[in-house]
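*Asks:* The following block contains the structure, expressed as structure tokens.
The values are calculated or read from the model by the stated rules, or taken from the named source; none is laboratory data. Just so it is clear, the structure is predicted and the values come from calculations on it, not from any experiment. With ideal geometry, Cβ positions are generated from the backbone for all residues, glycine too; neighbour counts draw on all protein chains shown.
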Amino acid sequence: MRRHASPAALVLLALLALSPRGAQAGNIPLDEPAKPKTPPPATTSPLHIGWKVLTYLPNRLFDLTDIVRLRVRAGPGWAVGARATRFLPFFAGGYTATWIGAPGPRGRPSIPLPFGIESETGFSFGPADGGGSQGPYYGSGEFGAGFHVYALGVDAGFDPVELADFFAGFVLIDFSHDDF
């Protein structure tokens, strides 16, 4: 079988070989790209250092309130729940209530108010949550229980992870990511 090359095909091959993209293998450039200049970390700026100094004591106080949850609830409902870390919770029932007391873990930088409104309904067991709720945030290591009977309820818990976060905060380590 005899091959014939047309002049147009030869011109096209020559243009591809001489083009700048012809120096690449696929999408991988043969030249090493220039490394971008990284700005200095924000932790060394005077503004950041001033913010850390200003918020040091409030953050320690807020971390202290994250360790224990003790809420008294008032509002309609019937519910029972218990938790051994975030991965083994149990909840059944429903309530809508106002609460007052120690709020427990925050989960994000926020001011821990000693009162609020919450609502939780449904059934859940284990990490799969089958209910709908605007209930409290439970910490990743929190152990606790709660119940709500007719018009009154209680929710109590202890989070050893938040206890460790409290002590680590004295040397500016915040592994719960809830400091300002």
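*Asks:* So which of Phe123, Phe143 is within 20 Å of Ala84 (Cα to Cα), surrounded by fewer than 17 Cβ atoms within 10 Å (Cβ to Cβ), in contact with a Gly (Cβ under 9 Å, 6 or more places away or on another chain) and touching a residue at least 40 places away in the same chain (Cβ under 8 Å)? Steps first, answer last, please.
*Replies:* Details: Phe123 fails: touching a residue at least 40 places away in the same chain (Cβ under 8 Å).
Only one candidate passes the filter, namely Phe143.
*Asks:* Just the residues that are part of a strand (DSSP E or B) and of a type outside the set (Gly, Ala, Ser), please, taken from the range 59-78. Before the answer, list the steps.
*Replies:* Taking the range 59-78 and keeping what is part of a strand (DSSP E or B), we get 68-78.
Result: Val68, Arg69, Leu70, Arg71, Val72, Arg73, Pro76, Trp78.
*Asks:* Out of all the residues in the range 97-126, which are hydroxyl-bearing (Ser, Thr, Tyr) and either farther than 14 Å from Asp155 by Cβ or modelled with pLDDT under 90 (or both)?
*Replies:* Of the residues in the range 97-126, the ones hydroxyl-bearing (Ser, Thr, Tyr) are 98, 110, 119, 121, 124.
Selection gives Ser110, Thr121, Ser124.
*Asks:* Separate question: What residue, among those in the range 127-137 that are more than 15 Å from Arg71 (Cα to Cα) and surrounded by 14 or more Cβ atoms within 10 Å (Cβ to Cβ), is modelled with the highest pLDDT? If you could, list the steps in order and put the result at the bottom.
*Replies:* So in the range 127-137, the residues more than 15 Å from Arg71 (Cα to Cα) come out as 127-134.
Pick out the ones that are also surrounded by 14 or more Cβ atoms within 10 Å (Cβ to Cβ) and you get 131, 133.
Numbers: Gly131: 54, Ser133: 63.
Restricting to residues being more than 15 Å from Arg71 (Cα to Cα) and surrounded by 14 or more Cβ atoms within 10 Å (Cβ to Cβ), the top hit is Ser133.
Each row is one residue, and each column tells you yes or no for (1) outside any strand (DSSP E or B); (2) within 15 Å of the chain's Cα centre (by Cα); (3) buried (at least 19 other Cβ atoms within 10 Å of the Cβ).
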site: Gly139; (1), (2), (3): yes, yes, yes
site: Val149; (1), (2), (3): no, no, no
site: Asp155; (1), (2), (3): no, no, yes
site: Glu162; (1), (2), (3): yes, yes, yes
site: Phe175; (1), (2), (3): yes, yes, no
site: Asp179; (1), (2), (3): yes, yes, yes
